[in-house]
Every structure is written in structure tokens, then in C-alpha cells.
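What follows is one structure encoded as C-alpha cells, with my remarks underneath.
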Amino acid sequence: FRDKMKLGAMLTFLMTSSDDQLKKFQSITTKEYLVSRGFSEKLIETVFRPLCHAIYFDASLNTSAYLFTSMLKNFAFEDSTLPAYGIGSIAVQLGEKLEEDTVHFHSKVKNIFEDSVELSNGEVIHAKKVIVTIPPLDAEKVFPKRKCEIEYSSYTCLYFSTKTPPVKSPIILLNGKTEGIVNNVFVPTTIQPSYAPPGYHLVCVSLKSFEDKEDDELIYDVLKELIDWFGVKVNDWMHIKTYHIQSALPKVHANHEIKYSEEVNGIHFCGDSLSYGSVNNALISGKETAEKVMQQLSPSKKNSRKSVFFN
């Protein structure tokens with residue numbers, strides 16, 4: 001009861017706090033913030049730790065409390081959505097608005113300069129501005145002096161197809177126990193039915209740690225554990241694919257500098273790795289970088305609409 005009262009008080013605080021006000025928690029960890037709010041160790045371990053792992057694949061609770069409070073505020077008071085037909089449809093929608101021959105596929109980059117890009121085949125593409133959006137680990141290969149100091153969380157998840165979903169509501173089911181390899185279960189089709197054929201549902205099972213096992217062994221272990229959650233009906237689930245992602249999301253420790261755009265020697269860098277990993281931040285970063293480029297190209301026309309090259 002005490003935890004419920006404190007949770008209600010925290011949500012009330014978040015509801016009435018702006019993003020700028022929450023930034024004061026940037027210098028402390030999530031664990032420190034939760035302890036300062038007076039939550040019991042039981043609630044922290046059985047709810048908040050698996051929740052943090054479900055959202056940004058980090059159960060350490062060393063993540064910046066600013067990230068945690070922002071995330072919790074969005075989940076509690078904003079609408080969560082998924083794009084129809086997959087996350088890739090966002091890129092398709094943006095790409096459809098570009099002129100032909102704007103995007104070059106299968107073009108490996110050798111060197112990047114302020115006003116040009118050299119491909120591995122020797123071709124040089126000239127531009128008024130160059131925007132680099134590749135991940136930090138790959139950027140280090142092109143820019144040896146730009147060392148990647150970001151730590152990444154690893155992640156393993158399994159996707160299943162079923163006619164009988166474990167839940168019919170858009171909720172995340174958390175493992176509140178220390179034992180077991182499953183961290184959470186989510187059914188994306190409760191939000192976006194287009195993620196499965198008519199009459200079927202897509203189930204995503206996320207694990208507590210990176211599990212580099214053979215698929216058959218891992219599927220057996222996961223389904224055996226989930227029988228305790230949902231009963232023997234999980235035996236009817238059809239395995240679709242397993243993903244083992246070594247560098248899933250960048251870790252955001254306390255005092256992590258959050259920015260959405262960066263310019264170094266005339267070259268612009270953008271992406272959610274500058275702040276913290278999310279689709280929202282990727283879009284914010286792209287928008288802010290585009291606005292900076294537009295301002296530099298046409299400083300006297302702040303509000304004019306111009307095409308911007310993204311690759």
C-alpha cells in the first residue's frame with residue numbers, strides 16, 4: 001500500500017513536470033532516484049528493474065534518472081503507437097518524397113569530407129553539406145579520431161506466431177522474479193494488427209541477457225518457462241525468428257550529455273546515439289540537424305522550405 005501511494009505521488013509529480021524540469025535528474029542514477037522517492041526494495045526489484053530492461057535493455061538501474069522519468073511520463077500520459085507494416089515504413093514514407101536517384105544503395109563509403117563523400121569504388125559525390133547518420137561504432141572506422149566511447153546493451157528476443165495471444169490488451173508483461181531467462185512478453189498486434197496475418201497475433205519474448213544458444217535449445221527453454229506463465233497453450237506457438245543483437249542500444253549513464261545534433265569540422269552528425277536510443281529521438285535529431293543545415297545554406301530565409309539530402 002505504501003508503494004502504491006508513493007507511485008501515485010510520483011506519477012502526479014511527472015504529470016505536472018516539464019521536460020526541462022526533469023533534466024535536473026540527469027546527474028543521478030535511476031536506482032538513486034527510486035530510493036530517494038522511498039520505494040521499497042521489493043518494488044524496485046520486481047517492477048522497475050525488469051521494466052527498465054524491457055524499455056532500454058539495461059537492468060542495472062545505472063541509467064540516468066532523467067531518461068527513466070521521461071520514459072515513465074510518456075508511457076503513463078501519452079499515446080504509444082507502432083507504424084503500420086513495421087518500423088521500416090517510416091523510412092519508406094520519407095523516401096517516397098525524395099527525387100529519383102537521391103538515395104544510393106549498396107554504396108560503401110571510403111572517406112567523408114566537409115563537401116563530398118568518396119565511395120570505395122572511387123566515385124566522389126559532391127554536396128553543399130554532408131550529414132553523417134551512421135552508428136558510432138561504424139563512424140569510428142571512417143573517422144579514426146572520432147573514438148566511440150559509448151557502451152552498448154546486448155539483447156536477445158524471440159518472435160512467435162499464435163492464434164491465441166496470452167493477452168488482448170497492449171501491456172508489457174514483466175518477470176518479477178529473479179529466476180528464469182525471460183524478462184518480458186509483449187504482443188505488438190494488440191496495438192498494430194498489421195503485424196500479423198488476419199486471425200493471428202505476433203508475440204515478442206525478450207530475455208534477461210544475451211543468450212547465444214542454438215535456436216532449438218533456446219526455443220525449448222523459453223516455451224518451457226512460459227508454460228508457467230500462460231499454460232500449455234504456448235506449445236501451439238510457432239517460432240518465427242530469434243534475434244541476437246550485440247550492440248542493441250547505447251547505455252545512458254548519469255551525467256550523460258544529451259544532444260540531438262553535432263557539427264565537427266563542417267560535417268554534421270545526427271542520430272539517436274547522441275542522446276539515447278529511441279525512434280522519437282532519431283526523428284528529433286534528424287529534424288534539428290536539417291534545420292541547422294537549412295539555416296546555414298539560407299541564413300536569411302529561416303522559414304523557407306527546402307529539400308534536404310539525407311542518406
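The values are calculated or read from the model by the stated rules, or taken from the named source; none is laboratory data. Quick caveat, the model's predicted, so the values are computed rather than measured. Positions of Cβ are generated from backbone atoms using ideal geometry, with glycine treated the same way; all protein chains shown enter the neighbour counts. SASA here: full protein model, heavy atoms, side chains in, ligands and nucleic acids out. Shrake-Rupley method; radii C 1.70, N 1.55, O 1.52, S 1.80 Å.
For the range 217-282, the solvent-accessible area of protein heavy atoms averages 53 Å² per residue (probe radius 1.4 Å; ligands and nucleic acids excluded). Centroid-to-centroid, using Cα positions, the range 87-130 and the range 241-294 are 18 Å apart. Within the set LYS145/LYS241; LYS141/LYS251; LYS147/LYS224; LYS97/LYS168, which residue pairs have Cα atoms separated by over 32 Å? Where the Cα-Cα span goes over 32 Å, the pairs concerned are LYS145/LYS241; LYS147/LYS224; LYS97/LYS168.
Each of VAL279, ASN183, SER153 was placed along the dipole of the chain (beta-carbon charges, centred on the mean Cα), and the one lying farthest toward the positive end is VAL279.
Within the same chain, aspartates and glutamates fewer than 8 places from LYS287 are excluded, and of the rest, those with a Cα less than 13 Å from its Cα are GLU262, ASP272.
Computed over all pairs of different Cα atoms, the Kirkwood value for the hydrodynamic radius of the chain is 22.1 Å.
For the range 82-203, the per residue solvent-accessible surface stands at 64 Å², with DNA, RNA and ligands left out and a 1.4 Å probe. Straight-line cross-link reach from LYS23 at under 16 Å between alpha-carbon atoms covers these aspartates and glutamates, not counting any fewer than eight positions away in the same chain: GLU32, GLU257. Between ALA76 and ARG37, the contour length at 0.36 nm per residue exceeds the Cα-Cα span by 12.3 nm. Note on the chain: with charges restricted to the Cβ of Lys and Arg (+1) and Asp and Glu (-1), its dipole about the Cα centre is near 1000 debye. With only the Cα atoms considered, the range 1-46 has a convex hull volume of 71 Å³ per residue. Within the accessible surface of the range 115-186, defined with a 1.4 Å probe on protein heavy atoms only, the carbon and sulfur portion equals 53 percent. Our helix-only sum for the chain, with -39,500 (n - 2.57) per DSSP H run of n ≥ 4 divided by its residues, gives a mean residue ellipticity at 222 nm of -9500 deg cm²/dmol.
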